[in-house]
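S.K.: Okay, here's the structure, questions in a sec.
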Amino acid sequence: MKLFDVYPINPINIVKGVGSLVYDDKGTEYLDLYGGHAVISIGHTNPHYVQRLEDQLHQIGFYSNSIEIPLQKELAEKLGKVSGKEDYQLFLCNSGAEANENALKLASFYNGKKKVIAFKGAFHGRTSLAVAATDNPKIVAPVNETDNVIFLPWCDEQALEQAFTANEISSVIIEGIQGVGGIQVASFSFLQKIRSLCDQYNAVFIADSVQCGYGRTGKFFSHDFAGVNADIYSMAKGMGNGFPIGGIIISPKIQPAYGMLGTTFGGNHLACAAGLAVLEVMERDNLMQNAAEVGAYLIDEIKKFEQVKEVRGRGLMIGIELPAELANARKDLLFKHHIFTGEAKPNVIRLLPALNLTKAHADRFLEAFATVLNHQFI
């Protein structure tokens, strides 16, 4: 049997990681500024994280949600404290797509409505309703197509108001900063407008924080910069530092019922141990503050390169838009300078490193980036 060939793969076999550094099977060191799609939040093989998982493995790794799992309650309490959303409720699942799927479903249960507002450039996942709310027809199979999702222009307040007037809206789902869409930052006024219209029409404000949440921007949720609370926040990626875990936190106005949501693997013992380790390290090491400070430093320095068309983002979620003639910059960073970064079409480099990225590692990137832009390859 061979693998189903759906990923374009770089010919690099990473076998070891420590902090923001990874190593291939030949011993070559790479600086990891992508963290496997923003997943590595507290660094590769963080000692506290490893110990938490190892200790849990020696006790029990899994049992279903048919029994008490005190780790779930511990995770909910810690998440409430660190995020500042202590009056919310936590439902645990396994991935970002599953988190958004449950968020959209829960919103419809809550108000009995069907229509969902999403936005141009959105990416919310690859499962049934999550992918229908994703602005990429290439990954929407015919069975996923639905007329219940309305796509609106990004940050167009007039279009948003018109959509609410013309439809029975169940929910609005929005990334505080679009990741796949090219690090597009939602304006404060637009997020505030979503909040006011959802209140007016009894719709549910879903803050997709799968990539832009969990402290990456310097606040726990990027939506927090707008000074409003969403009804549901979806999370995954950085939540487990590589261990599969996702979740939604839910406003107290939405009440649960048995059977409403469910999961086999969500909230298992190992996942909760991983989730707790992440929050403990974030809190202990002030990683949101570090993300804000190192991210601001990177953004300020990148803006000084005259070849850069635009720099977007907050904290350690950064998009660098380059002209067409520098389309190979990302490959050059990887293969000539051994630095992992991400991309967004047509020509945006995405930086999504661990939240404990050091200034020294930021400088290492900036030096390599300068060389790439000036075509002085080493």
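The values are calculated or read from the model by the stated rules, or taken from the named source; none is laboratory data. Nothing here was measured: the structure is a model prediction, and the numbers come from that model. No Cβ is skipped: glycine too gets one built from the backbone with ideal geometry, and neighbour counts run over all protein chains shown. Please note that ligands, DNA and RNA were not included when accessible areas were found on the heavy atoms of the full protein model with its side chains. Shrake-Rupley method; radii C 1.70, N 1.55, O 1.52, S 1.80 Å.
S.K.: For the range 303-378, give me every one of the strands (runs of 3 or more DSSP E) that falls completely inside it and has 1 or more residues that are open to solvent by less than 30 Å² (accessible area, probe 1.4 Å) and of a type in the set (S, T, N, Q). Full working, then the answer.
M.R.: Numbers: elements: 310-314, 317-321, 342-344, 348-351.
It comes to none.
S.K.: Could you please let me know if I69 is under 28 Å from A230 (Cβ atoms), aliphatic (A, V, I, L, M) and surrounded by 11 or more Cβ atoms within 10 Å (Cβ to Cβ)?
M.R.: Details: under 28 Å from A230 (Cβ atoms): yes; aliphatic (A, V, I, L, M): yes; surrounded by 11 or more Cβ atoms within 10 Å (Cβ to Cβ): yes.
When the stated conditions are applied, I69 passes them.
A quick yes/no check of all residues on (1) modelled with pLDDT under 95; (2) more than 21 Å from G342 (Cβ to Cβ); (3) aliphatic (A, V, I, L, M):
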residue: P8; (1), (2), (3): yes, no, no
residue: N13; (1), (2), (3): no, no, no
residue: L21; (1), (2), (3): no, no, yes
residue: D24; (1), (2), (3): no, no, no
residue: D32; (1), (2), (3): no, no, no
residue: V39; (1), (2), (3): no, no, yes
residue: L57; (1), (2), (3): no, yes, yes
residue: I60; (1), (2), (3): no, yes, yes
residue: L75; (1), (2), (3): no, yes, yes
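S.K.: Quick check on the range 290-302. Is at least one of its residues of a type in the set (S, T, N, Q), under 20 Å from the mean Cα position of the chain (by Cα) and at pLDDT 95 or above? Full working, then the answer.
M.R.: To start, the set of residues in the range 290-302 that are of a type in the set (S, T, N, Q) comprises 290.
Checking which are under 20 Å from the mean Cα position of the chain (by Cα) leaves us with 290.
Still in the list and also at pLDDT 95 or above: 290.
The answer is yes; a qualifying residue exists.
S.K.: Sticking with this one: Regarding S209, is this residue crowded, with 21+ Cβ neighbours inside 10 Å, touching a Ser or Thr at 6+ places or on another chain (Cβ under 9 Å) and under 15 Å from L90 (Cβ atoms)?
M.R.: Details: crowded, with 21+ Cβ neighbours inside 10 Å: yes; touching a Ser or Thr at 6+ places or on another chain (Cβ under 9 Å): yes; under 15 Å from L90 (Cβ atoms): yes.
In short, yes.
S.K.: Go through the range 239-270 and give me each residue that's in contact with a helix residue (DSSP H, G or I) (Cβ under 8 Å, 6 or more places away or on another chain), farther than 22 Å from S171 by Cα and open to solvent by less than 40 Å² (accessible area, probe 1.4 Å).
M.R.: If the condition is that a residue be in contact with a helix residue (DSSP H, G or I) (Cβ under 8 Å, 6 or more places away or on another chain), farther than 22 Å from S171 by Cα and open to solvent by less than 40 Å² (accessible area, probe 1.4 Å), then M239, G240, N241, I245, T263, G266, G267, H269, L270 are the ones that fit.
S.K.: I would also like to ask the following. In contact with a strand residue (DSSP E or B) (Cβ under 7 Å, 6 or more places away or on another chain) and open to solvent by 40 Å² or more (accessible area, probe 1.4 Å): which single residue out of L33, L57, L90, L104 fits that description? Give the steps one after another, and end with the answer.
M.R.: On the way: L33 fails: open to solvent by 40 Å² or more (accessible area, probe 1.4 Å); L57 fails: in contact with a strand residue (DSSP E or B) (Cβ under 7 Å, 6 or more places away or on another chain); L104 fails: open to solvent by 40 Å² or more (accessible area, probe 1.4 Å).
Checking each option against the conditions leaves just L90.
S.K.: Quick one: in the range 112-139, of everything that is over 17 Å from the mean Cα position of the chain (by Cα) and among the charged types (D, E, K, R), which residue is farthest from V180 (Cα to Cα)? Full working, then the answer.
M.R.: Filtering the range 112-139 for residues over 17 Å from the mean Cα position of the chain (by Cα) gives 112-117, 120, 128-129, 132, 136-139.
Within this subset, residues satisfying the condition of being among the charged types (D, E, K, R) are 113-115, 120, 138.
Details: K113: 28, K114: 26, K115: 23, K120: 11, K138: 14 Å.
For the range 112-139, the residue satisfying everything is K113.
S.K.: Now for a different question. Determine whether F109 is within 21 Å of the chain's Cα centre (by Cα) and among the aromatic types (F, W, Y).
M.R.: Details: within 21 Å of the chain's Cα centre (by Cα): no; among the aromatic types (F, W, Y): yes.
The answer is no for F109.
S.K.: Within the range 36-52, how many residues are of a type outside the set (V, I, T) and either surrounded by 20 or more Cβ atoms within 10 Å (Cβ to Cβ) or over 30 Å from T358 (Cα atoms) (or both)? Spell out how you get there, then give the answer.
M.R.: Taking the range 36-52 as the starting set, the residues that turn out to be of a type outside the set (V, I, T) are 36-38, 41, 43-44, 46-49, 51-52.
Still in the running and either surrounded by 20 or more Cβ atoms within 10 Å (Cβ to Cβ) or over 30 Å from T358 (Cα atoms) (or both): 38, 41, 43-44, 46, 49, 52.
The qualifying residues number 7.
S.K.: Scanning for something open to solvent by 40 Å² or more (accessible area, probe 1.4 Å), on the phi < 0 side of the Ramachandran plot, assigned to a loop (DSSP other than H, G, I, E, B) and modelled with pLDDT of 95 or more, does the range 271-283 turn up at least one residue?
M.R.: Within the range 271-283, none of the residues are open to solvent by 40 Å² or more (accessible area, probe 1.4 Å), on the phi < 0 side of the Ramachandran plot, assigned to a loop (DSSP other than H, G, I, E, B) and modelled with pLDDT of 95 or more.
S.K.: Give all pairs with beta carbons closer than 9 Å in which a residue from the range 86-97 that is more than 20 Å from A274 (Cβ to Cβ) meets a residue that is surrounded by fewer than 19 Cβ atoms within 10 Å (Cβ to Cβ) and among the small types (G, A, S); count only pairs at least 6 apart in sequence or on separate chains.
M.R.: Correct list of pairs: E86/G80; D87/G80; D87/S251; Y88/G80; Y88/S251; Q89/S251.
S.K.: Of all residues in the range 206-231, which are among the charged types (D, E, K, R) and part of a strand (DSSP E or B)? Even if it seems obvious, please write down each step before you answer.
M.R.: Here is the first cut: in the range 206-231, the ones among the charged types (D, E, K, R) are 208, 216, 219, 224, 231.
Listed by number, the list holds a single entry, D208.
S.K.: When you look at K78, is it touching a residue at least 12 places away in the same chain (Cβ under 8 Å) and either in contact with a Ser or Thr (Cβ under 7 Å, 6 or more places away or on another chain) or open to solvent by 50 Å² or more (accessible area, probe 1.4 Å) (or both), yes or no? Full working, then the answer.
M.R.: Numbers: touching a residue at least 12 places away in the same chain (Cβ under 8 Å): yes; either in contact with a Ser or Thr (Cβ under 7 Å, 6 or more places away or on another chain) or open to solvent by 50 Å² or more (accessible area, probe 1.4 Å) (or both): no.
Judged against the criteria, K78 is not a match.
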